[in-house]
Every structure is written in C-alpha cells, then in structure tokens.
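J.: Submitted below is the structure of interest, expressed as structure tokens.
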Amino acid sequence: MPTFTAPDGTRLAYHVRGEGEPLVVLPGGPMRASAYLGGLGGLDAHRRLILLDLRGTGDSAVPADPATYRCDRQVDDVEALRVHLGRERIDVLAHSAGGSLALLYAARYPRRVSRLALITVTPWALGRPATAEDRLTAARLREDEPWFDAAFSAFRAWLAGEGEGEPDWSVVAPFFHGRWDDTARALEAATDEQTNAEAEARFLAPDAFDPPALRTALAGVDAPVLVLAGEVDGGPRPVLARLVADAFPNAAFAVQPGAGHYPWLDDPRRFTARARAFLDAVPVAGPTPSA
C-alpha cells in the first residue's frame, strides 16, 4: 500500500487498481474510505486508478488536528499526492462529496488539472446543497418499485426531521440506487465501517466555502470538465448537478438513464463508456503549468 506525507505531516494512503494513465480518484461519503469505489464499474481496466483515502479514513492516518478534516484544509493533500506521483498535471475523478474537494482543488491549482470528471456531485461548495424537496421529487420517480411505499414514508419523515437520529437505512437506501440489488445492499452495509463519523461532520463545514470567490476562480479553469448526474438521483437531481457544469467555461453535462447516486453500479458498461469517452479524448492544449 503506497503512502505519502501531507504538508502537516499526516501520513496518507492510496490504493492502485488497474494499468495505464493514472486517474486520481477522490471519494465521497463525505469522508468514506475509497474502498467503496471498487474498480468504478470496470474503469480500472482502462485507467490506473489512484484511489485516495482522505485523512482519517481507510488506511490513512488520523491527523493531529481534527480541524484539518474540513474540506478546504484537505486541498493541499491532493496537491501533495500530485507531487508524490511526479505528474505536472493530473486527471481527477471525484464522486459525491469528493466533488467539493475537487472543485476547491481546481480553483486553487487550475494549471495542475488536465481533466476533471465530477460524478453525482452536489454543488455544496457553490452554496446550493440538495434540499428535502429535491430528494422527495427524485424519490417520487420510484413509485412503481415494490419497496416504494414503506421507503417513501420513512424517507419523508426523516427529511421532515421527525423522530430521532438517522432512519433505518435498510429501508430508505434504495432511493440512492438505480438498482436495489445485492451489490447495492453490500455497498450500503459497509457504510458505517468505512466512514469516519467525526470527520464527516466537519468536512462540509460552512466556513470551508466561499461560493462567490469559488465561482470566480472556476470561471478561469481551462481544463475540460465532465459533470455526470444520475437520472433518479436526489442529491443531486440532474437540474442541480447542471449548476456545477455551469460554473466552468469548458464543461460537458450528461445524465445517465436509470442511475442513482452510484452510476457505476447501476450500469457499469454505460458508465465506463461515458467516462472513457471523456478521459481518452484528445487533450486540449493549455498553458504550461507553473508553480
């Protein structure tokens, strides 16, 4: 298991899957170990996935200062990984909450990103989180599913703040998946074990983001960007994910039919084909990276 050292001395780990050109992968959760990403539906057959375990997750060390779990405080961890890999520029793929980290990285180090794929990314960092109505609107698309009635009732109650604590995830989790099968159940069953709960609460702290400044910075990012949404995902719904694409001058937006929050599980072939078409496109000429 390869490791490198963050600027504050924290030892960080990453996992390598596949061969070929490297693709740095930032996991979501927030603050879930990268193991849940697997091979991204077979994308590891075409690219060498560099799956980062964010600080305090998976095989990465717990930092001395818990305040460094905050999203903006982890941007330089990604830059340290780029330096460790010896790459002038990196292709980056980010899933879900990892997209907030990717947005901040692209804003701070725009000349270090060659391509950026953002998978089911909610524009938290741009000041637009998914609302309860966003999630319920998407959930209603599933009314023909056999599990819908019980799941929708529990989901709606949770979003309304009724009851105490989290809902029964075995009941409401189907709303996050285009296909509620054994693979989806296994991913959900591993959530608690793979997630750093303390870090999860700190990662999306409001102080981590300055939406107006971020929009200004992203408008100057020349790298090609793909924003991929799931048709039945509620966080983000496609209309919300499009706001992420709109923040960049050179972004493509796509919606994967029938997909939820984990499109590489719902239709691996379709997901891999779309990701490859973007990542393998002829590079766009740009300025020489500078320090």
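J.: Mind listing whichever residues of region 181-197 are in a loop (DSSP other than H, G, I, E, B), over 25 Å from residue 75 (Cα atoms) and touching a residue at least 40 places away in the same chain (Cβ under 8 Å)?
T.: Passing the criteria: only 190.
J.: Among the residues of region 189-202, what is the count of those that are over 16 Å from the mean Cα position of the chain (by Cα), crowded, with 17+ Cβ neighbours inside 10 Å and closer than 18 Å to residue 167 by Cα?
T.: 0
J.: Answer yes or no as to whether residue 232 is in contact (Cβ under 8 Å) with a residue 60 or more places away in the chain and among the β-branched types (Val, Ile, Thr).
T.: Considered against the rule, which asks whether it is in contact (Cβ under 8 Å) with a residue 60 or more places away in the chain and among the β-branched types (Val, Ile, Thr), residue 232 comes out as yes.
J.: Related question: Name the residue, out of 153, 114, 96, that is over 16 Å from residue 211 (Cα atoms), surrounded by fewer than 19 Cβ atoms within 10 Å (Cβ to Cβ) and among the polar types (S, T, N, Q).
T.: Matching residue, one of 153, 114, 96: 153.
J.: Another question, if that's okay. With the structure loaded, tell me whether residue 34 is within 17 Å of the chain's Cα centre (by Cα) and over 23 Å from residue 232 (Cα atoms) or whether it fails that test.
T.: yes
J.: Is it true that residue 200 is within 28 Å of residue 62 (Cα to Cα), modelled with pLDDT under 95 and in a helix (DSSP H, G or I)?
T.: yes
J.: Being farther than 30 Å from residue 63 by Cβ, at pLDDT 95 or above and among the basic types (Lys, Arg): is that true of residue 237 here?
T.: yes
J.: Same structure, new question: Can you tell me which residue in region 28-86 is surrounded by the most Cβ atoms within 10 Å (Cβ to Cβ), limited to those that are part of a loop (DSSP other than H, G, I, E, B) and acidic (Asp, Glu)?
T.: For region 28-86, the residue satisfying everything is 59.
J.: Let me ask something else. From (1) of a type outside the set (Gly, Ala, Ser); (2) within 20 Å of the chain's Cα centre (by Cα); (3) over 25 Å from residue 93 (Cα atoms), pick out the condition that doesn't hold for residue 145.
T.: (2)
J.: Pull out all pairs, ordered by first then second residue, where Cβ-Cβ is under 6 Å, the residues are six or more apart or on different chains, the first lies in region 47-66 and is hydroxyl-bearing (Ser, Thr, Tyr), and the second is in a loop (DSSP other than H, G, I, E, B).
T.: 57/31; 57/33; 57/196
J.: Also, quick follow-up: Quick one: how many residues across region 242-260 are touching a residue at least 24 places away in the same chain (Cβ under 8 Å), in contact with a strand residue (DSSP E or B) (Cβ under 6 Å, 6 or more places away or on another chain) and either charged (D, E, K, R) or closer than 24 Å to residue 183 by Cβ (or both)?
T.: 5
The values are calculated or read from the model by the stated rules, or taken from the named source; none is laboratory data. A quick note: this is a predicted structure, and the numbers were derived from the prediction, not measured. Neighbour counts run over all protein chains shown; Cβ positions are idealised from the backbone, glycine included.
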